[in-house]
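Presented below is the structure to which this report refers.
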Amino acid sequence: MPIRPSAAPDRGAVNELLAANQAALGRALRLSPPQLRGTLPREPTEPPNFSYYADLTDPSVRPFMTTRADPAGRTAYINEYPASNLGVRTTPEALKAKILSMLAGAPVDRGPRVTFVNDDSTRTSPRVPLDADTAGMVAAAVVDSGLRSVNINSTTGGHEKNPRSAHHLGQAVDINRVNGLNVGYQGAGGARYRNTDPAAVSASNALQAALQRQPDIYEDYGPAFLHRLPGPQAVASAFLTNMHQNHVHAATRPAR
């Protein structure tokens, strides 16, 4: 049964939602984005709604987690709060819990935050338009991972020595912090080390696992594993293993 999205998460609308859909909230609800287009808020300043949950491995939800950067929609920015336009919850149980918490007066949760801080202050900001599928893939994986925050420290810059890199085409991102913790560190002589703090290990593992669930992930490189998809195919490279001890790299297949 369709659930009409509320334009704002006001108490009256949520009460109405609960009263009308108590039975349905106990079952799996899955609305396709075409049913919702034109009714969800598209700007970060607009309020989110919490009236459905989404399959984050379905590429059709991606436009709600990004902001179009060109009229044709070929490029997009990753939203600072990718889930804020969706109120995304991955299970009906989580959706029900969120609605009940809102009824109890809990503040609105905008979901995970994405920051864009280059760890090299001499380089440009990584907050630039990306290939739309890549931007959407990364945004969906961040939400799906269950993390509270990630920092993207590289998108299209910093890869001049490797012209074959997907970064040059806006089809890759590097994430160096998860839940406020460094994925790893760089030492003397170019050696890189994974952060062995259990919280950091768990968070970066969750991000890589969520990326691997995306249907068009091509490169899922990080301290947990180096996988090229589909497959996954393990990449055996001492150079790449060292390179990705301090960040998670995600890319779609370069369209050359």
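The values are calculated or read from the model by the stated rules, or taken from the named source; none is laboratory data. Just so you know, these numbers come straight off a predicted model, no measurement behind them. Positions of Cβ are generated from backbone atoms using ideal geometry, with glycine treated the same way; all protein chains shown enter the neighbour counts.
Need the failing condition index for Gly38 against (1) at pLDDT 80 or above; (2) surrounded by fewer than 16 Cβ atoms within 10 Å (Cβ to Cβ); (3) not polar (S, T, N, Q), just the number.
All conditions pass for Gly38, except number (1).
Matching residues to (1) touching a residue at least 40 places away in the same chain (Cβ under 8 Å); (2) surrounded by 17 or more Cβ atoms within 10 Å (Cβ to Cβ); (3) closer than 16 Å to Thr252 by Cβ:
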{"site": "Pro126", "(1), (2), (3)": "yes, yes, no"}
{"site": "Val142", "(1), (2), (3)": "yes, yes, yes"}
{"site": "Ser145", "(1), (2), (3)": "yes, yes, no"}
{"site": "Asn176", "(1), (2), (3)": "yes, yes, no"}
{"site": "Ala191", "(1), (2), (3)": "yes, no, no"}
{"site": "Ala210", "(1), (2), (3)": "yes, yes, yes"}
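At negative phi, without any contact (Cβ under 8 Å) to a residue 40 or more places away in the chain and crowded, with 17+ Cβ neighbours inside 10 Å, is that true of Val150?
Spelling it out, it is not the case that Val150 is at negative phi, without any contact (Cβ under 8 Å) to a residue 40 or more places away in the chain and crowded, with 17+ Cβ neighbours inside 10 Å.
Hand me the list of strands (runs of 3 or more DSSP E) wholly inside the stretch 161-256 holding 2 or more residues that are more than 16 Å from the chain's Cα centre (by Cα).
Result: 184-186, 192-194, 226-228.
Restricting the search to the stretch 61-94, which residues are among the charged types (D, E, K, R) and at pLDDT below 90?
Passing the criteria: Arg62, Arg89, Glu93.
Please indicate, with yes or no, whether at least one residue in the stretch 96-113 is in a strand (DSSP E or B), at pLDDT 90 or above and buried (at least 20 other Cβ atoms within 10 Å of the Cβ).
Checking the stretch 96-113: not a single residue is in a strand (DSSP E or B), at pLDDT 90 or above and buried (at least 20 other Cβ atoms within 10 Å of the Cβ).
Just checking, how many residues over the stretch 170-218 are among the charged types (D, E, K, R) and within 16 Å of Val142 (Cα to Cα)?
4
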